[in-house]
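Here's the structure, in structure tokens; my notes come after.
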Amino acid sequence: MKETTGHAFGLRLTSEFPLAGLDCSVSETLPSCRLTLVDEHELGRLWPSTGGRRIEEERDARGAVDRFVDEHPDVGYRLFARYFGEVIIERDGAAIHCCPPPVASWRWQRLLVGRAIPMAAMLRGYEVLHASAVAVRGKVIAISGPSGCGKTSLALQLHLSGAASFVSDDVLVLERGGAAMLVHPGIGVTNVRLAEEARMGPHTEELGAVLGRSGRQKSHYAIRRETGPLPLGLMYFLSAGAAAGIEPVDPIPPDLLLGSSFVHAMRSPASLLRLLDTCHALSRSTPVFWLHRGGTAPDELAQIILEHLSTLAVERSR
Amino acid sequence: MCRYDIAPDVVLRQFAHETVVLNFRTRQFHGLNPTAGRMMEVLGREATSAAALEVLARDFKRPVADIEPLLSALIEDLLERDLIVRAQA
């Protein structure tokens, strides 16, 4: 079987199958993670029938399981998401075994890219926050906030403006590099809400090739992204706000940072301490701002951000 | 005379206006305001609670009698959450 090798989320990924959006340049210094395909029988063989426990579960309105995360002390973690299949992430994040349903690869790989590989990155020693990111003048601008608040739309509008390059969709992989915080780019795939796609109109062609559409929800594009780690410049936290605008978060409430963690359940004591120390370091090293939307469209918000960044650059140069 | 130590499975990190306490055993984070954070830090460092009281009264420029009920209430709260342990003075 021909293997694909590349890097994303700070990991050197070696895959038994083509992975949409994978940057196939290789960095030998990154921690490795092997991606394999298994069938249900093999998945059952890898996961012992006893000794595991459920640590997360979501059900739909009828009570059927939508998704779950199980933990086994010897094996690692088993993730299930309806329509996306199951994966087993080995305890140290060194391998992910995928058991997909019979659907297009870009579709089931959303579980892999959107959940499993970021979780493996955490198990391999990175901290992972829930944020989208672009790079402006060599520094990463992270956009955090609750699910569905428009992080991706804003990142894509910044990317389309030509002033920023895409770094990651919804997942911010952080590595502490001395005083600075480094951000590792995600995978070159982005998920665009249909309403946002309609608003972008012909500009969507600038995003990249369409991989597919999931029902009435989102379109999925292959997108060119930054290739290597970059220092984190600043963070915006999206909030509703009565009027659009930006204001510093000062002092930074620790729970704002702790609460933006991508992974909550799969936490060892060492991982909890790393999360706390990362947030502590972030609060000292990284300017954080509220970005109030105030009903403003993402393209206008992107302009507000670019003006804010220009103002900050002028202030720094004085 | 009592001495209190920070529990062995607990760590503190001071943020700008808050101290975050992580209890590894319960996997919970706790937030303390600057006054309570300073009290917990001094309590864990001083040989007895009476010595901690003296230090805190000086820090906060208040009489010991003003600080004592606040410290006692905090000690109860921290013990209840297993964030400090009573030790032999």
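If you check A:Leu211, A:Leu154, A:Leu172, which single one turns out to be more than 14 Å from chain B (Cβ to nearest Cβ), under 30 Å from B:Glu18 (Cα atoms) and in contact (Cβ under 8 Å) with a residue 60 or more places away in the chain?
Criteria check complete, one pass: A:Leu172.
Consider A:Ala244 carefully, then state whether it is under 17 Å from the mean Cα position of the chain (by Cα), of a type in the set (Gly, Ala, Ser) and modelled with pLDDT of 90 or more.
No.
Checking B:Val11 against (1) in contact (Cβ under 8 Å) with a residue 24 or more places away in the chain; (2) surrounded by fewer than 18 Cβ atoms within 10 Å (Cβ to Cβ); (3) β-branched (Val, Ile, Thr); (4) within 14 Å of B:Ile84 (Cα to Cα), which single condition isn't satisfied?
Evaluating B:Val11 over (1) in contact (Cβ under 8 Å) with a residue 24 or more places away in the chain; (2) surrounded by fewer than 18 Cβ atoms within 10 Å (Cβ to Cβ); (3) β-branched (Val, Ile, Thr); (4) within 14 Å of B:Ile84 (Cα to Cα) leaves (1) as the failure.
Of (1) assigned to a strand (DSSP E or B); (2) touching a residue at least 24 places away in the same chain (Cβ under 8 Å), A:Arg67 satisfies all except one. Which?
(2)
Only one of these conditions is not met by A:Leu272: (1) closer than 22 Å to A:Ala121 by Cα; (2) in contact (Cβ under 8 Å) with a residue 12 or more places away in the chain; (3) not small (Gly, Ala, Ser). Which number is it?
(2)
For A:Leu291, are the conditions met, namely being facing another protein chain (nearest Cβ under 10 Å), touching a residue at least 12 places away in the same chain (Cβ under 8 Å) and either surrounded by 19 or more Cβ atoms within 10 Å (Cβ to Cβ) or not acidic (Asp, Glu) (or both)?
no
Search segment A:11-27 for residues being within 19 Å of the chain's Cα centre (by Cα) and in a loop (DSSP other than H, G, I, E, B), and hand back the single one that is farthest from A:Arg107 (Cα to Cα).
A:Cys24
Any chance you could count how many residues in segment A:215-252 are assigned to a strand (DSSP E or B) and not hydrophobic (A, V, I, L, M, F, W, C)?
Matching residues across segment A:215-252 total 11.
Which residue, of A:Val69, A:Val136, is modelled with pLDDT of 95 or more, among the aliphatic types (A, V, I, L, M), closer than 17 Å to A:Arg267 by Cβ and surrounded by fewer than 23 Cβ atoms within 10 Å (Cβ to Cβ)?
None of the others qualify; the one that does is A:Val69.
Which members of segment A:186-232 meet the condition of being under 15 Å from A:Ala155 (Cα atoms) and of a type in the set (Gly, Ala, Ser)?
Within segment A:186-232, A:Gly186, A:Gly188, A:Gly208, A:Ala222 qualify.
Quick one: in segment A:257-288, of everything that is in contact with a Pro (Cβ under 8 Å, 6 or more places away or on another chain) and over 28 Å from A:Leu312 (Cα atoms), which residue is farthest from the other protein chains (Cβ to nearest Cβ)?
Result: A:Phe262.
Looking at the structure I just gave you, is B:Ala57 over 29 Å from A:Ser283 (Cβ atoms), of a type outside the set (S, T, N, Q) and free of Cβ contacts under 8 Å to residues at least 60 places away in the same chain?
yes
Return the pairs, sorted by first residue and then second, in which the second residue is polar (S, T, N, Q) and assigned to a strand (DSSP E or B), the first residue lies in segment A:237-256 and is within 12 Å of chain B (Cβ to nearest Cβ), the beta carbons are less than 9 Å apart, and the residues are 6+ apart or on different chains.
Here the result reads A:Pro254/B:Thr19; A:Leu256/A:Ser144, each pair linking segment A:237-256 to a residue that is polar (S, T, N, Q) and assigned to a strand (DSSP E or B).
I'd like the residue in segment B:19-38 that is part of a strand (DSSP E or B) and either facing chain A (nearest Cβ under 8 Å) or surrounded by fewer than 15 Cβ atoms within 10 Å (Cβ to Cβ) (or both) and, out of all such residues, is farthest from the chain's Cα centre (by Cα).
Filtering segment B:19-38 for residues that are part of a strand (DSSP E or B) and either facing chain A (nearest Cβ under 8 Å) or surrounded by fewer than 15 Cβ atoms within 10 Å (Cβ to Cβ) (or both), the one farthest from the chain's Cα centre (by Cα) comes out as B:Gln28.
Please list, ordered by residue number, the strands (runs of 3 or more DSSP E) wholly in segment A:160-211 having 2 or more residues that are among the β-branched types (Val, Ile, Thr).
Fully inside segment A:160-211 and qualifying: A:189-193.
What are the residues in segment A:253-301 that are aliphatic (A, V, I, L, M), farther than 30 Å from A:Ile55 by Cα and assigned to a loop (DSSP other than H, G, I, E, B), if any?
Here is the first cut: in segment A:253-301, the ones aliphatic (A, V, I, L, M) are A:256-258, A:263, A:265-266, A:270, A:272-273, A:275-276, A:281-282, A:288, A:291, A:297, A:301.
Filter again for farther than 30 Å from A:Ile55 by Cα, leaving A:288, A:291, A:297, A:301.
Listed by number, the list holds a single entry, A:Ala297.
The values are calculated or read from the model by the stated rules, or taken from the named source; none is laboratory data. Here the structure is a predicted model, which is why all the values come from computation and not from measurement. FYI the Cβ positions are ideal-geometry reconstructions off the backbone, even for glycines, and counts take in every protein chain you see.
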